[in-house]
């Protein structure tokens, strides 16, 4: 790799690969440097859900999430293969009166009509009769991140180099894009921390669930993401820890909430337990843009819980910065220099 006009992307997760694909399509000479370790994308359920209380508290982040969600249909179509894209929508649910009181704040902001238990079970017959209320978010979607990454790797064949980068001085390229997830901290000094999440995968008869379920169950948040082949992803814990241990308590808490919500899940097989680390920042918004005075290093990291959702717009914004040399005004709100 020569310095010339080459672009090196450090990190072969869904963010780094999406950026590299956009750059390649734009005519750039691009290489991806990947250490081979599965990142947060490998564990992620793939919910494309731009709503939520945290997003509404940060209007620029909310806008970024909404814009990226709008781009996912075309992004998935451009990949040209089945990546598990599904636009059936999400049912957000509350099991108890206390759960409903907490969820109502978000639902009110989303301006979604409240559905009665009977209306919810018309959409999802497998729901527990204990579910008190919910809303239907038609704009929320899902993809399978593992399929997305496989498709991106195929399109970048020959441009992915399996190499661990410990210092950016090792990278000989005119432009270096750091999309290394939690590893971004060691490479740049930026405050990106690992946030542990435990996730389960069940397998049962296809069709048990029709929608993504995002629920509060006796004070515990749980989501169920059904795939067409019968897989159901159950997640996720959120722990300020760095270990990769699957704990009995984490599995128990997730399964208990999932079974309370959908009792028929008791007949499913538990086929996988995984741990990942979301790359969090102090404000849990991503770091996007140039780092330092010479403009050689660009950062695209710190997406926390929204890495899959934000892949299309991150790719567009960073590719535009490299190919056109023009920073979209949106980037001002996510500049790495804010910390």
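Values quoted throughout were computed directly from the atomic coordinates according to the rules given, and no laboratory measurement underlies them. All values reported here derive from a predicted model rather than from experimental measurement. Because the Cβ atoms are built from the backbone with ideal geometry, glycine has one as well, and the counts that use them run over all protein chains shown.
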For this session: Work out how far the C-alpha atoms of segment 30-182 reach from end to end along every principal axis, then list the three figures in whole Å, largest first.
Result: 59, 33, 25
Problem set entry | Of 29, 86, 294, the one that fluctuates the most in a GNM where the chain has Cα springs shorter than 10 Å | 294
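Given an 8 Å cut-off on Cα distances and at least 6 residues of separation, report the relative contact order of segment 230-314 as a percent. Intermediate results must be reported in sequence, preceding the final value.
On the way: 68 pairs, mean separation 17.8, N = 85.
Relative CO of segment 230-314 lands at 21 percent.
Expressed in nm to one decimal, what extension gain is obtained for the pair residue 273 and residue 335 from 0.36 nm per residue of sequence separation less their Cα-Cα distance?
Gain on extension, residue 273 to residue 335, equals 18.8 nm.
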Problem set entry | the chain: angle of helix 248-261 to the longest principal axis, Cα-based, in degrees nearest 10 | 50
For this session: Calculate how steeply helix 97-110 sits against the longest principal axis of the alpha-carbon atoms of the chain, using the helix alpha-carbon long axis, and give the answer as 0 to 90 degrees to the nearest 10.
Result: 50
Exercise. Tell me, what is a quarter of the convex hull surface for the C-alpha atoms of segment 184-294, in nm² with one decimal?
Worked result: 9.0
Problem set entry | Selected from 224, 112, 61 as most flexible by GNM, with the chain as the system and alpha-carbon contacts under 10 Å | 112
Problem set entry | Paired Rg and Dmax values of segment 233-339, which use every Cα atom, in angstrom | 18.9, 58
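Kindly put 231, 37, 167 in sequence by how many other C-beta atoms sit within 10 Å of each C-beta, fewest to most. Show your work: numbers first, answer last.
On the way: 231 18, 37 11, 167 8.
By the 10 Å Cβ count, ascending, the order reads 167, 37, 231.
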Problem set entry | Net lengthening on full extension, residue 238/residue 327 (0.36 nm per residue, minus Cα-Cα) | 28.7 nm
For this session: Give the distance, in whole Å, between the Cα centre of segment 204-220 and the Cα centre of segment 300-339.
Result: 32
Exercise. What spacing in nm lies between the two simple spin-label points modelled at residue 116 and residue 155, each 7 Å away from Cα in the Cβ direction?
Worked result: 4.7
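Pull out the extension gain between residue 162 and residue 70, defined as 0.36 nm times the separation in residues minus the alpha carbon to alpha carbon distance; nm, one decimal.
On the way: separation 92, 0.36 × 92 = 33.12 nm, distance 3.26 nm.
The span from residue 162 to residue 70 would gain 29.9 nm if fully extended.
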For this session: Would you calculate a helix-derived [θ] at 222 nm for the chain, using -39,500 (n - 2.57) for each DSSP H run of n ≥ 4 and dividing by the full residue count, to the nearest 500?
Result: -9500 deg cm²/dmol
Problem set entry | residue 266 paired with residue 102, simple spin-label distance in nm, labels 7 Å along Cα-to-beta-carbon | 2.5
Problem set entry | the chain: most fluctuating residue of 49, 28, 216 per GNM, C-alpha cutoff 10 Å | 28
Exercise. On a 0 to 90 degree scale, rounded to 10, what angle separates helix 311-324 from the longest Cα axis of the chain?
Worked result: 20
Exercise. Counting other C-beta atoms within 10 Å, which of 237, 273, 184 has the fewest, and how do the rest follow?
Worked result: 273, 237, 184
For this session: Please check which bits of segment 295-332 a label hung off residue 77 would reach, taking the label as a point 7 Å along Cα-to-C-beta and the cut-off as backbone N under 20 Å.
Result: 309-317
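For segment 110-187, report the translational diffusion coefficient in µm²/s to the nearest whole number, using Stokes-Einstein at 25 °C, 0.890 mPa s, and a Kirkwood Rh over Cα pairs. List each step's numbers first, then the result.
Values: Rh = 17.7 Å.
Estimated diffusion coefficient is 138 µm²/s.
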